[in-house]
Amino acid sequence: MNINKLETWFMEHKRNLNFRGQRNPYFIWVSEIMLQQTQAETVEPYFEKFIKLYPNIESLANANLEVLKKCVEGIGYYRRFKLMHEASKRIMEDYDGIFPTTYENVIQLPGIGKYTAGAIMSIAYDKPYSALDGNVMRVLSRYLGDDGDMRKEKEKKKLDLYNQEMIEKAHPRIYTEAMIELGALICRPKQPKCDLCPLNEHCVAYQNDEITKYPYLSKLKKQKVISYVVFILEDDHYYYLRKRTESLLEGMYEWPQFEKESVYAALDELNDLGINGEIMDQLGHYKHVFSHQIWEMDVYHLRMVSEKSNQYIKIKKEELSKYPMAVAHQKIKIA
C-alpha cells in the first residue's frame with residue numbers, strides 16, 4: 001500500500017468536520033461513540049451540543065442521565081451514552097478525571113471496544129493501533145481482493161492484522177482518519193469513485209473490475225416485524241408516558257403501546273392495568289425500522305376516563321419536550 005499517497009490525499013481532500021482536528025482524547029472519545037452506526041454529517045450538530053453541555057469528563061460524570069439522553073435524542077443507539085456515562089464515572093474514580101493514556105486501560109472502559117480504543121489511541125495519542133470499522137474493512141477487502149465473509153470475526157481479524165501492519169509504517173493519527181475518510185468519500189458501498197482513489201493502482205478489485213464483489217457479507221436474518229397499537233393517552237392537562245426498561249431504547253420515554261393486532265385487544269390490556277380510556281381519533285399508521293426489527297404502529301388518540309393504577313408517568317403537557325423520546329415515537333404527530 002502506498003501510505004504516503006494515501007496520507008497526502010487525505011490532507012488535501014478531508015472534510016472540515018467540527019470534531020476533526022481534535023487532540024483532546026475526551027473530545028475524540030465523544031465523537032467516536034457518536035459515530036457508531038451514525039454518519040458524520042448527522043453527528044456534527046449533536047457533537048457541538050454535547051460538548052457545550054458537557055465540556056469535560058467531570059461534567060459528564062455528574063450529568064443527569066435523563067438530561068444526557070435528551071441531549072442526544074434522535075441519534076439512536078442510546079445504550080452507548082449510558083455506557084459513556086458509566087465510563088466517565090470510572091475515569092473520575094480510577095484516573096482522577098484524566099482520560100487514560102494506554103490501550104490496555106482505554107479498552108477496559110464501558111462501551112469501548114477494539115475499534116474505538118484503536119481510534120482514540122491513534123488519533124489522540126498518535127500511537128499505532130489499528131482501528132477497523134466498516135469503512136476501513138470495505139477499503140481493505142477491495143484493495144486486497146479478500147472475499148472472506150466479513151460477518152465472521154476470523155475474517156475481520158485478518159484485515160485487522162493487515163491494518164495494524166500498515167499503521168505501524170504510517171503516521172498513525174493521519175492514517176486512521178485517512179482510511180475512514182477514504183471509505184466514506186471514495187470507496188463507498190455503492191457507486192464508488194475508483195478513478196479518484198489514491199490506492200487504485202494496486203487495488204485488486206479495481207484492477208479486475210470486481211468492485212461489487214467486495215466486501216462479501218453473508219445474509220442477515222430477516223428483521224422481525226412487530227405490530228403495535230400505540231395510545232396518545234391524555235386528560236385535560238396531562239400526558240401519560242412509560243419509561244422503557246428494555247435494553248432497546250432503555251431509559252427513553254414512550255407512549256403506551258401494546259403488541260397487538262387489534263385496538264380492542266390493546267384497550268383490554270390497558271383496562272387490565274387499571275386504566276379506562278375513550279378513543280377520540282385514529283392518528284394514522286407509522287413504521288420505524290431498527291437494525292434487527294421493524295415496528296408497525298397504529299396510533300390512536302385516547303382520553304383518560306378513569307385511572308386505578310400508576311402504571312404510567314403523568315406529565316404536564318407543556319413539559320413533554322423535556323422528556324427524551326426515541327425517534328420511533330417522536331415521529332408520531334399528536335396535534
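If we scan the range 280-298, do we find a residue that is over 30 Å from the mean Cα position of the chain (by Cα) and surrounded by 14 or more Cβ atoms within 10 Å (Cβ to Cβ)? No, there is no match, as no residue in the range 280-298 is over 30 Å from the mean Cα position of the chain (by Cα) and surrounded by 14 or more Cβ atoms within 10 Å (Cβ to Cβ). Of the residues making up the range 206-214, one or more are buried (at least 18 other Cβ atoms within 10 Å of the Cβ), more than 30 Å from Val299 (Cα to Cα) and either among the hydrophobic types (A, V, I, L, M, F, W, C) or touching a helix residue (DSSP H, G or I) at 6+ places or on another chain (Cβ under 9 Å) (or both).
Would you check if Ser218 is among the small types (Gly, Ala, Ser) and in contact with a strand residue (DSSP E or B) (Cβ under 9 Å, 6 or more places away or on another chain)? Full working, then the answer.
Details: among the small types (Gly, Ala, Ser): yes; in contact with a strand residue (DSSP E or B) (Cβ under 9 Å, 6 or more places away or on another chain): yes.
Judged against the criteria, Ser218 is a match.
Apart from one condition, Gly111 fits all of (1) of a type outside the set (Val, Ile, Thr); (2) in a loop (DSSP other than H, G, I, E, B); (3) out of contact with any Gly (no Cβ under 6 Å at 6 or more places or on another chain); (4) at pLDDT 95 or above; the exception is (4). Among the residues of the range 151-206, the ones that are farther than 20 Å from Tyr129 by Cβ and not in a helix (DSSP H, G or I) come to 14 in all.
Considering each residue of the range 61-68 in turn, none proves to be touching a Ser or Thr at 6+ places or on another chain (Cβ under 7 Å) and modelled with pLDDT under 95. Considering only residues in the range 23-38 that are touching a residue at least 40 places away in the same chain (Cβ under 8 Å) and more than 9 Å from the chain's Cα centre (by Cα), the one that is surrounded by the fewest Cβ atoms within 10 Å (Cβ to Cβ) turns out to be Arg23.
Restricting the range 84-103 to residues that are surrounded by 14 or more Cβ atoms within 10 Å (Cβ to Cβ) and of a type in the set (A, V, I, L, M) leaves a set whose member that is farthest from Gln36 (Cα to Cα) is Met92.
Within the range 52-61, is even one residue in contact (Cβ under 8 Å) with a residue 24 or more places away in the chain and closer than 30 Å to Met166 by Cβ? No, the range 52-61 has no match at all.
Thr38 fulfils the conditions (1) at pLDDT below 90; (2) in contact with a Lys or Arg (Cβ under 8 Å, 6 or more places away or on another chain); (3) hydroxyl-bearing (Ser, Thr, Tyr) except for a single criterion, (2). When the range 5-35 is filtered for residues that are at pLDDT below 90 and either among the polar types (S, T, N, Q) or more than 18 Å from Lys52 (Cα to Cα) (or both), the ones remaining, listed by number, are Arg15, Asn16, Asn18, Gln22.
The values are calculated or read from the model by the stated rules, or taken from the named source; none is laboratory data. Predicted model, so just to flag it, every value in this text is computed and none were measured. Glycine also receives a Cβ, built like all others from the backbone with ideal geometry; neighbour counts cover every protein chain displayed.
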